[in-house]
Amino acid sequence: MAMTTPTLQAPPALATTTEPPAVRRGLIAGALAFIALFLVMPLAVVLAEALRRGVGTYFEAITEPYTLAAVKLTLIAAAVAVPLNLVFGLTAAWAIAKFEFRGKSLLITLIDLPFSVSPVIAGLIYTLMFGAQGWVGPWLIEHDVRIIFALPGIVLATVFVTFPFVARELIPLMQDQGTDEEEAAALLGASGWQIFFRVTLPNVKWALLYGVLLCNARAMGEFGAVAVVSGHIRGVTNTMPLHIEILYNEYKFAASFAVASLLALLAVVTLVAKVLLEWRFGHELAHNRGR
Amino acid sequence: MSIEVRGVEKVFGNFRAIHGVSLNVREGELVALLGPSGSGKTTLLRVIAGLEFPTAGSILFDGEDAVTRHVRERKVGFVFQHYALFKHMTVFNNVAFGLRVKPRADRPAPEEIKAKVDALLDLVQVGQFGNRYPSQLSGGQRQRVALARALAIEPRVLLLDEPFGALDAKVRKELRRWLRGLHDRMGLTSVFVTHDQEEAMELADRVAVMNRGRIEQVGSPTEVYDTPATPFVYEFLGNANRLPCRIEKGRALLGGTVFTEAEKLVDGAGIAFVRPHDIEVTTERLTLSIPAVVRQVLVAGAVAKIELSLEVEPGMIEVALPRGAHWGAPFTAGQKVHWRARTARVFPAADGGAPAAAVEVEPTTLK
């Protein structure tokens, strides 16, 4: 086969798209150095700093009640924001990819808004809406509904900043796939739900998974927007990123790095989950891409 | 099951894709919708299938209105141009899909589904590929799987959109013959869309020639080829020389010479169509013949193609002679000859020589 011949002896005439070995090695080394400098080293530093005072201090730091409260809050915020944006992303992508309607391009632009707006502004929007001096805030406070400086505010801010991830991942794929398979399913007698669960969803499940993973990573790591709405009440409205900053500002470096390593670990877990799924279902993935 | 298309119109925004089309497909018939791209043939097929809702008109299956019935209740077998196989399912699961989505009460037992799918896969000659994914099949195999999937729900109507469009010439010919056999064996009523006239001629019982959202003519392959109803059909089906002429007293004149009858036509400008193989070429003058000069002779296979230079418009005509006829005394470039049309068809020309529809065809009246 054509694929095995170059390994035997590649004639120089075939080498039109390959570079000299020196260039190849140089490029690879450059890329690796860059990754080492900007990705691996900081992670290593976080771990090293966290463990500098020993394993005992490390565990003390991460089992401290305020830290546990922060972890819990972060997980709750992500657990609410991710499913919300999963449903929203799917419906928006479905609508955009499968139907023609007025204002479609406006909707696509609006979905991207959280990417172009600074997270701090996102936080401020909700503070101005629901805060004590805000538009609906006083009424809410009268009725004993707390949004700002409480869990709902944090969830709202998180939903806002993670809004585009799932939709953005799905729209180009669904547009590319068109509606042929859905039409074929309908002609074969499938109902709307059957078409969705047996045809549409399996076709986009990988993009959906990537979208959810990215969305989750951002939901857990969001700082700016959450910082504005949270009020930094320890043990109540502090998420992990906020907690790390407070510990750092109080010169508790070992503790702050310990919590940081925990947050980094959550990110690593999501990445490993992704790799495992890819490895497990790799062959199916390949068929999905081919037409 | 018979299909009746009655005055169907389809408008997309401000584009009218189909203008009041009517067509009858009898039970057991295989009808081709033939036309250039953009002629509305695929849209018409999708309207029949229920994938598009007609703006006006109705579709009747066995005399019963089908427009109000949802796609999934029409029980129509549909084969898409690019097959639209479910990429994430194996071939077996693709074919089983239509059986598995049935409401629980009508759903066959798993063993029954297995037996039926296996039989279908054997029928379309891909029995050994049940566990493969569509991406692991060749174009012809995918086409057959798409067909098996459509047949699984036991449709009485089979609709095919450019069924052989994406296949290479050899596979196309084989599949064509095979599909014809399948249609006859299963007693289906089928409609297929194609832009390939050869395919339509070879496969179909009747051909509906479409142009710009209208059906120009419906008839058997020989009918539409031998007696085209409109200039468009003449030019679209096979080669034809297009000769601008004058009509005077029921005769067509080419550069002052009468060359054919044009009965029942009003005096004025006209367009005559002559097939290359309906032209006689001789060295001596005949009645109704017109002088010309041989420009080029091309012998290709069984046919000798001769290009003649004319002194009048259009300046050149193409003649096809059986090679045997050309053999004895071959024509050579530069030779002075005479030619005449054995048969020709004249249509009145609209302004500027563009042919107008000779007769407004009412498709239902043409059988």
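The values are calculated or read from the model by the stated rules, or taken from the named source; none is laboratory data. Keep in mind that this is a model prediction, so the values were computed, not measured. Ideal geometry is used to build each Cβ from the backbone, glycine not excepted, and the neighbour counts take in all protein chains shown.
For the list (1) among the hydroxyl-bearing types (Ser, Thr, Tyr); (2) assigned to a helix (DSSP H, G or I); (3) more than 14 Å from every other protein chain (Cβ to nearest Cβ), I need the number of the one condition that B:Thr42 fails.
Looking at each condition in turn, B:Thr42 falls short on (3).
I'd like the full set of residues that are over 21 Å from B:Tyr225 (Cβ atoms) and either surrounded by 19 or more Cβ atoms within 10 Å (Cβ to Cβ) or among the polar types (S, T, N, Q) (or both), limited to the stretch B:264-293. Full working, then the answer.
Taking the stretch B:264-293 first, the residues over 21 Å from B:Tyr225 (Cβ atoms) are B:264-270, B:281-293.
Correct list: B:Gly270, B:Val281, B:Thr282, B:Thr283, B:Thr287, B:Ser289, B:Ile290, B:Ala292.
May I ask you to list the residues in the stretch B:282-341 that are hydroxyl-bearing (Ser, Thr, Tyr), closer than 21 Å to B:Gly256 by Cβ and modelled with pLDDT of 80 or more?
Taking the stretch B:282-341 first, the residues hydroxyl-bearing (Ser, Thr, Tyr) are B:282-283, B:287, B:289, B:309, B:332.
Going one step further and asking which of them are closer than 21 Å to B:Gly256 by Cβ, we end up with B:282, B:287, B:289, B:309.
Within the stretch B:282-341, B:Thr282, B:Ser289, B:Ser309 meet the criteria.
Mind checking whether some residue in the stretch B:258-277 is touching a residue at least 12 places away in the same chain (Cβ under 8 Å), in a loop (DSSP other than H, G, I, E, B) and in contact with an Asp or Glu (Cβ under 7 Å, 6 or more places away or on another chain)?
Yes.
Quick check: anything in the stretch B:129-145 among the β-branched types (Val, Ile, Thr), touching a Leu at 6+ places or on another chain (Cβ under 7 Å) and in contact (Cβ under 8 Å) with a residue 60 or more places away in the chain?
Yes, the stretch B:129-145 has at least one match.
Of the numbered conditions (1) in contact (Cβ under 8 Å) with a residue 12 or more places away in the chain; (2) away from chain A (no Cβ under 14 Å), B:Thr68 fails exactly one; give the number of that condition.
So B:Thr68 meets the others, but not (1).
Looking at B:Leu151, is it surrounded by 16 or more Cβ atoms within 10 Å (Cβ to Cβ) and either out of contact with any Gly (no Cβ under 7 Å at 6 or more places or on another chain) or under 27 Å from B:Met1 (Cα atoms) (or both)?
When the stated conditions are applied, B:Leu151 passes them.
Please work out which one of (1) free of Cβ contacts under 8 Å to residues at least 12 places away in the same chain; (2) more than 26 Å from B:Arg6 (Cα to Cα) is the condition B:Glu223 fails and give its number.
Against the list (1) free of Cβ contacts under 8 Å to residues at least 12 places away in the same chain; (2) more than 26 Å from B:Arg6 (Cα to Cα), B:Glu223 comes up short only on (2).
More than 8 Å from chain A (Cβ to nearest Cβ), under 27 Å from the mean Cα position of the chain (by Cα) and part of a helix (DSSP H, G or I): is that true of B:Val47 in this structure? Lay out the reasoning, then the answer.
Values: more than 8 Å from chain A (Cβ to nearest Cβ): yes; under 27 Å from the mean Cα position of the chain (by Cα): yes; part of a helix (DSSP H, G or I): yes.
Yes: the conditions hold for B:Val47.
With respect to the numbered conditions (1) within 14 Å of chain A (Cβ to nearest Cβ); (2) surrounded by fewer than 21 Cβ atoms within 10 Å (Cβ to Cβ); (3) on the phi < 0 side of the Ramachandran plot; (4) not in a helix (DSSP H, G or I), which one is the sole condition not fulfilled by B:Leu167?
(1)
Mind checking which pairs have a first residue in the stretch A:193-209 that is more than 10 Å from chain B (Cβ to nearest Cβ) and surrounded by 17 or more Cβ atoms within 10 Å (Cβ to Cβ) and a second that is part of a helix (DSSP H, G or I) and of a type in the set (Asp, Glu), Cβ under 6 Å, 6 or more apart or different chains?
Here the result reads A:Ala207/A:Glu169, each pair linking the stretch A:193-209 to a residue that is part of a helix (DSSP H, G or I) and of a type in the set (Asp, Glu).
Table: residues versus (1) buried (at least 21 other Cβ atoms within 10 Å of the Cβ); (2) outside any loop (DSSP other than H, G, I, E, B).
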position: B:Val11; (1), (2): no, yes
position: B:Ala32; (1), (2): yes, yes
position: B:Gly57; (1), (2): no, yes
position: B:Val67; (1), (2): no, no
position: B:Gly77; (1), (2): yes, yes
position: B:Leu85; (1), (2): yes, no
